[in-house]
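Coordinate-derived values only; no laboratory data. What you see is a predicted model; the values in this text were computed from it and never measured. All Cβ positions, glycine included, derive from the backbone under ideal geometry; neighbour counts span all protein chains shown.
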Amino acid sequence: MEKIRIGIIGCGGMATGHASRFDRVKDRIVVTAVADIVKERAQAVAKLLDSNPFVATDYHDILKYVDAVLIVLPHHLHCEVSIECMDAGKHVLVEKPMANTEEECIRMIRKQKEKGVVLMVAYCMRYHPLIREMKRLVDEKKYGDIFQMSIWTEQLTCYPEGHWARSAKLLGGGQLFSHGCHYIDLLLWFLGKPLWGCHMGTNRGTPWMEREGTSNVTIEFENGALGYHFGTWGARGSRLKYSFHAHCEGGMLEVSREKGQLILHHRATIHDAKTMRSQQVEEVLMEAPDAKPTDEEMAHFVDCILSGKTPLTDAVSSLEGLQVIWKLYEAEQQHKLADLRGLGLGTLRI
């Protein structure tokens with residue numbers, strides 16, 4: 001079997017990290033080309049690869065050398081570049097968020113359907129082995145019904161002066177849209193159809209952000225469960241870092257990326273104000289300290305190219321998650337709850 005030829009478009013900081021994501025599929029792919037408007041950045045990524053890829057400053061120049069592309073560009077460029085690549089018959093794995101507007105996302109979906117190629121969005125957290133195991137346990141109700149899911153992402157992300165990500169227009173919003181889209185996607189994936197929600201954001205503590213650098217989201221779902229996400233790019237310190245908690249009737253499931261563990265907390269005693277500490281059991285269900293969800297994501301992309309199946313993180317479900325974020329933003333500006341009825345995964349028809 002001939003290897004799939006992959007091109008990387010955009011060789012900034014993220015692409016440098018993504019250059020290592022091909023290890024698991026190196027028997028099925030070869031990176032044949034890289035492109036960036038700054039030649040030195042493209043050359044730096046090329047040096048990380050052992051395939052001696054073609055280097056270009058115009059992504060159009062690499063299309064004849066590739067079958068598929070990984071697009072790692074500023075958000076406002078995702079739509080046009082993805083469409084031109086699909087027009088050339090190339091499969092596309094585009095970084096999240098898919099695009100900055102609903103109209104752009106719909107154009108991308110229609111082009112994918114017209115050309116019959118794979119269009120996948122890089123929501124890598126759905127491919128994390130610990131998250132996938134947590135999802136299995138929740139779906140199977142191993143510990144009863146879930147009634148609350150909480151996600152924390154605390155990091156310090158300070159973009160330099162003049163960086164495109166400081167602009168709300170180029171970024172597509174603030175921290176919630178740029179990074180929190182991962183976790184809104186997870187809440188919808190775990191909990192189902194949303195009913196109502198609210199978002200509160202601030203750039204206090206992150207004055208370099210034009211829009212919010214800290215974000216709080218609460219969503220009520222049709223099944224009665226609640227979902228919460230707290231994300232900040234202003235953390236000068238953290239205990240939680242990246243933590244995922246699923247409260248079920250029979251215990252609380254925790255994914256700690258810091259520890260690389262899926263932990264069950266259970267057998268807690270009923271709270272007694274006279275007792276200083278509740279007794280409970282903590283049981284490690286799974287360990288994956290070296291998990292690389294981007295590797296799993298790339299393997300899935302290759303599987304979809306070879307099989308023709310629809311990606312788990314396809315363009316339609318990606319747009320459905322962004323629709324929820326746009327509704328949350330709109331309601332925040334109006335100082336009211338967001339009506340999310342009719343939205344969620346599996347609701348869009350194009």
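Against the main long axis of the alpha-carbon atoms of the chain, helix 293-307 sits at an angle near 60°. Helix 315-333 and the longest principal axis of the Cα set of the chain meet at an angle near 60°.
Is region 66-119 best put as rounded, prolate or oblate by its Cα gyration tensor, with a ≥ b ≥ c the root eigenvalues, rounded for a/c under 1.5, and otherwise prolate when a/b is larger than b/c, oblate when not? Since a/c reaches 1.5 but b/c is at least a/b, the shape of region 66-119 is classed as oblate.
Share of pairwise Cα-Cα distances greater than 23 Å in region 1-106 is 20 percent (whole percent).
According to the square roots a ≥ b ≥ c of the eigenvalues of the Cα gyration tensor, what is the shape class of region 269-335, taking rounded for a/c under 1.5, prolate for a/b larger than b/c otherwise, and oblate for the remainder?
Numbers: a/c = 4.06, a/b = 1.38, b/c = 2.95.
Judged from the Cα gyration tensor, region 269-335 comes out oblate (a/c at least 1.5, b/c at or above a/b).
The calculated 222 nm mean residue ellipticity attributable to helices in the chain amounts to -8500 deg cm²/dmol, summing -39500 (n - 2.57) over DSSP H runs of n ≥ 4 and dividing by all residues. Report, in degrees rounded to the nearest 10, the 0 to 90 angle that the Cα long axis of helix 129-139 makes with the longest principal axis of the chain. So the inclination is approximately 50 degrees. Mind jotting down the distance between the C-alpha centroids of region 188-217 and region 265-305, whole Å? So the separation of the two Cα centres works out to 23 Å. By the rule of a C-alpha distance below 22 Å, with chain neighbours fewer than 8 residues away ignored, the lysines paired with Lys193 are Lys96, Lys135, Lys141, Lys142, Lys327, Lys336. Diffusion coefficient of the chain by Stokes-Einstein, Kirkwood radius over Cα pairs, 20 °C, 1.002 mPa s: 101 µm²/s. Around Gly234, what is the net charge, scoring Lys/Arg as +1 and Asp/Glu as -1 over all other residues with Cβ under 11 Å from its Cβ? Cβ neighbours under 11 Å give a net charge of 0. Along its three principal directions, the equivalent ellipsoid of region 161-283 from the Cα gyration tensor extends over semi-axes of 32, 18, 14 Å, largest first.
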